[in-house]
Amino acid sequence: MNSLTEPAEPETDSRAARPPLVRELLLVVGLFLVYKFGRQLANGHTAEAFRNAGHVWSFERAVHLPSEGAVQGVLLDSDTLVHVANTYYATVHFPATLALLVFLYLRRPRHYVWTRRVLAALTAAALVLHLSFPLAPPRMLRAAHLVDTAQVYGPSVYSAKPSTDTMANQFAAMPSLHFGWALMVAIGLIVATRSRWRWLWLLHPLLTLLVVVGTANHYWLDALVATALLGGALAVIRMPRTVGAARIRRHLLPAPAHPAYATEPRDTSLLPAPWSPAVAFRTPPDSLSAPDVLEHASLRIPVQVSATPGSTSAATAPQLVTSGAR
């Protein structure tokens, strides 16, 4: 397996934790359709969207956020670079999120449920903001003096005229779900894997941020609001509790016959020696010792010496003698 996607801990009873596939497909597709059609409700608020865009642009300059034009200037220096950025914006957003959900569903079902809930909460909060705060992207704002790179260099996922775009709502710039979902993809993989290289997944949201700003599809503030919404979702929806490797060993391996004492120093003066018999089985004071038993034994086994040198044989029958006839 790729080291970047090596599971953090083995999950016990993964079949019980993994929800039914058909139900999850219907749920994910249903949530996506609700979001897509819900965004369409914000269409037609053109004047309000441009008015809000002017407010956002002025606010960013007031708080001294860097200009979106600085990032776009780097892209425009190379036709190849700007084309790659447009392609990344158009093709990576949904496949990356879907790949995360598939991977977690197959390998980390408990993390899959948690991630799906967080993404659903983030998307629902974003939908509310799309409807309540329509916003024109910076590529449409004359004051920004930015280039619509998708229309000029391609490829583009939007229509040239927002009023004729039936597939997407171009006035739903805040928050940037491109960045919010990308950040959740990185967080989900970092939490669900244990490779020391897993932090490289943060390059995905970083690259996404540069792309959405450089192509003039989003403001810096769009990404900041998406980060705040995702932080709220993560604070409300708790991460799954998995069984660690140590607990699995305790369940699967038998307990030791003689568990070790605690590492703290203990007074062992009261403990009996390992070879000492228990108190109930100690011999009385007047007991005979081993030599005494042999001295007073009444059963003797005579030995008959054979004529053959170096050989002896026991008598055929023992002879009883009294202890006095010695």
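Does LEU76 satisfy the condition of being modelled with pLDDT under 90, open to solvent by 50 Å² or more (accessible area, probe 1.4 Å) and farther than 17 Å from ILE187 by Cβ? Judged against the criteria, LEU76 is not a match. Evaluation of SER132 against the conditions (1) open to solvent by less than 30 Å² (accessible area, probe 1.4 Å); (2) under 24 Å from ARG51 (Cβ atoms) shows that the sole unmet condition is (1). Of the helices (runs of 4 or more DSSP H) lying entirely inside the stretch 64-134, those containing at least 2 residues that are polar (S, T, N, Q) are 79-91, 109-132. Looking at the stretch 174-191, can you tell me whether even one residue there is of a type in the set (S, T, N, Q) and in a helix (DSSP H, G or I)? Checked against the condition, which is being of a type in the set (S, T, N, Q) and in a helix (DSSP H, G or I), the stretch 174-191 yields no hits at all.
The values are calculated or read from the model by the stated rules, or taken from the named source; none is laboratory data. Every value quoted in this text rests on a predicted model; they were computed, and no experiment measured them. Cβ coordinates were reconstructed from backbone atoms using ideal geometry, including for glycine residues, and neighbour counts include every protein chain displayed. Accessible surface areas use protein heavy atoms only, side chains included; no ligands, DNA or RNA. Shrake-Rupley method; radii C 1.70, N 1.55, O 1.52, S 1.80 Å.
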